[in-house]
2 protein chains.
Amino acid sequence: MIEIAARLFLEKGYHLTSMDEVVHVSGISKSNIYYHFKNKEELAIGVIKWRISLLEQHIDELVRSKKSYKEKLNKMVALISNQECLDHDKGGCPFISLYLQAAQQSPRIHTVIKNFFLEQVPVVEEILQSGIAQKQITKAIDVRKTAKLIISTLEGALLLSEITADQHYMDDSLQTLTALLD
Amino acid sequence: MIEIAARLFLEKGYHLTSMDEVVHVSGISKSNIYYHFKNKEELAIGVIKWRISLLEQHIDELVRSKKSYKEKLNKMVALISNQECLDHDKGGCPFISLYLQAAQQSPRIHTVIKNFFLEQVPVVEEILQSGIAQKQITKAIDVRKTAKLIISTLEGALLLSEITADQHYMDDSLQTLTALLD
DNA sequence: CATGATTAGAACTATACAGTACTAAAAAGG
DNA sequence: CCTTTTTAGTACTGTATAGTTCTAATCATG
């Protein structure tokens with residue numbers, strides 16, 4: 001159910017997805033949905049937490065893996081944008097999308113998403129450290145600021161790929177950025 | 001009226017701003033609004049076009065100005081995020097915000113915003129060229145790709161500044177990026 | 001099997017909100 | 001002035017949709 005709601009919220013938008021639609025598409029009764037989630041806001045929070053926990057597993061593996069830091073970053077983008085599995089290319093970052101649609105009316109949604117992004121900074125820092133350790137990054141950099149820069153770029157490029165329908169936006173941006181770090 | 005609608009759509013969100021609220025806050029009658037705009041979608045398009053035309057003037061001046069390319073980029077961010085004038089710090093990029101909220105139901109909104117972002121690429125390219133001409137950028141770069149990278153970074157950092165409530169996100173990211181270009 | 005948790009169904013409420021209808025007053029402008 | 005455009009007011013319609021209520025079936029499990 002959460003999976004369906006997550007997909008609908010992302011593809012159609014939060015306010016344009018009615019609870020009846022979640023019911024219909026998921027095949028789960030409305031009583032049941034409201035049995036598990038007090039209201040639509042709670043469902044959204046459920047969706048976000050579900051996505052975060054999925055991501056955290058994969059990102060954890062990723063950071064510990066033996067890939068180059070560039071590969072790690074690329075994989076991280078793929079994870080955040082598509083959520084590993086997907087046939088549906090429709091996308092962009094689910095967190096940004098939900099944030100802009102629902103965080104105004106829900107401080108909790110705001111907080112959950114805010115914390116998610118704050119937690120990604122040390123993750124990217126670790127990836128950068130691995131790149132430095134392996135001499136793939138030669139420039140002297142401020143690791144924290146560079147991590148922020150990378151997250152900004154990922155999220156921005158993700159959006160602009162979608163908006164401009166230019167699939168190269170992401171690759172071009174990321175590739176250009178990592179080239180600058182060599 | 002458009003100015004009020006623009007502010008409300010940005011601060012409260014498109015779907016969370018009712019036409020009655022626009023009426024109330026602007027002090028303009030509903031008949032009048034619907035006299036000028038067929039429906040809410042047209043109002044949104046009006047808002048977007050208004051913001052774009054405002055921006056284009058300022059960006060035009062900016063590109064022709066004598067500042068360094070870093071100053072130009074910084075100014076450009078300020079323009080896109082705040083729209084020059086503002087007391088209200090609430091923000092993020094109005095185009096991204098409206099895109100994620102309304103483009104699913106309105107192909108026209110999608111198109112207008114898409115075109116806006118496509119048009120920014122050559123603008124940033126020009127700024128970069130000026131940086132190269134003035135030897136402020138020493139690295140050999142692919143200008144087009146770097147322009148995309150910069151736009152991605154700006155938009156991403158704008159979002160993350162807002163989400164994480166970290167006002168340094170933008171400065172840190174942009175500063176780190178331009179440092180890499182030196 | 002008995003008890004509590006989970007699921008379904010279906011009809012219903014309440015309300016927010018986009019959009020309309022109609023009348024009429026001001027402005028604008030030639 | 002006379003005509004057209006723009007503005008206001010007010011009441012109204014229709015609909016989408018979040019959320020409720022109540023009943024009853026099914027499931028899990030000690």
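The values are calculated or read from the model by the stated rules, or taken from the named source; none is laboratory data. Only a predicted model underlies this, so the values are computations on that prediction, with no experimental measurement involved. Note: ideal-geometry Cβ built from the backbone for every residue, glycine included; neighbour counts use all protein chains shown. Heads up: the accessible areas ignore ligands, DNA and RNA and are worked out on the full protein's heavy atoms, side chains in. Shrake-Rupley method; radii C 1.70, N 1.55, O 1.52, S 1.80 Å.
Within the range B:37-52, is there a residue that is within 14 Å of chain A (Cβ to nearest Cβ), modelled with pLDDT of 95 or more and within 16 Å of DNA strand D (Cβ to nearest atom)? Yes, the conditions are met somewhere in the range B:37-52. Identify all residues within the range A:166-182 that are free of Cβ contacts under 8 Å to residues at least 40 places away in the same chain and either more than 7 Å from chain B (Cβ to nearest Cβ) or open to solvent by less than 10 Å² (accessible area, probe 1.4 Å) (or both); write none if there are none. Within the range A:166-182, A:ASP166, A:GLN167, A:HIS168, A:TYR169, A:ASP171, A:SER173, A:GLN175, A:LEU177, A:ALA179 qualify. For the range A:6-52, a residue qualifies if it is of a type in the set (Val, Ile, Thr), open to solvent by 30 Å² or more (accessible area, probe 1.4 Å), part of a helix (DSSP H, G or I) and touching a residue at least 12 places away in the same chain (Cβ under 8 Å), and exactly one does: A:VAL25.
If you go through the range A:13-35 and keep only what is within 12 Å of DNA strand D (Cβ to nearest atom), over 17 Å from the mean Cα position of the chain (by Cα) and not hydrophobic (A, V, I, L, M, F, W, C), you end up with A:HIS15, A:THR17, A:SER18, A:ASP20, A:GLU21, A:HIS24, A:SER29, A:LYS30, A:SER31, A:ASN32, A:TYR34, A:TYR35. Considering every residue within the range B:146-161, establish whether at least one is facing chain A (nearest Cβ under 9 Å) and surrounded by fewer than 23 Cβ atoms within 10 Å (Cβ to Cβ). No. Of all residues in the range B:121-143, one or more are within 10 Å of chain A (Cβ to nearest Cβ), under 19 Å from the mean Cα position of the chain (by Cα), over 18 Å from B:GLU11 (Cβ atoms) and surrounded by fewer than 21 Cβ atoms within 10 Å (Cβ to Cβ). Residues in the range B:96-120 that are within 11 Å of chain A (Cβ to nearest Cβ), surrounded by fewer than 19 Cβ atoms within 10 Å (Cβ to Cβ) and assigned to a helix (DSSP H, G or I): B:HIS110, B:THR111, B:ASN115, B:LEU118, B:GLU119. When B:LYS139 is tested against the conditions (1) in a helix (DSSP H, G or I); (2) farther than 19 Å from B:LYS67 by Cα, the lone failure is (1). Kindly indicate the residue of the range A:153-178 that is part of a helix (DSSP H, G or I) and more than 18 Å from the chain's Cα centre (by Cα) and also modelled with the lowest pLDDT among those meeting that condition. Checking each candidate, the answer is A:HIS168. Checking the range B:74-93 against the condition returns a match, with at least one residue being exposed (fewer than 15 other Cβ atoms within 10 Å of the Cβ), within 14 Å of the chain's Cα centre (by Cα) and closer than 18 Å to A:GLN101 by Cβ.
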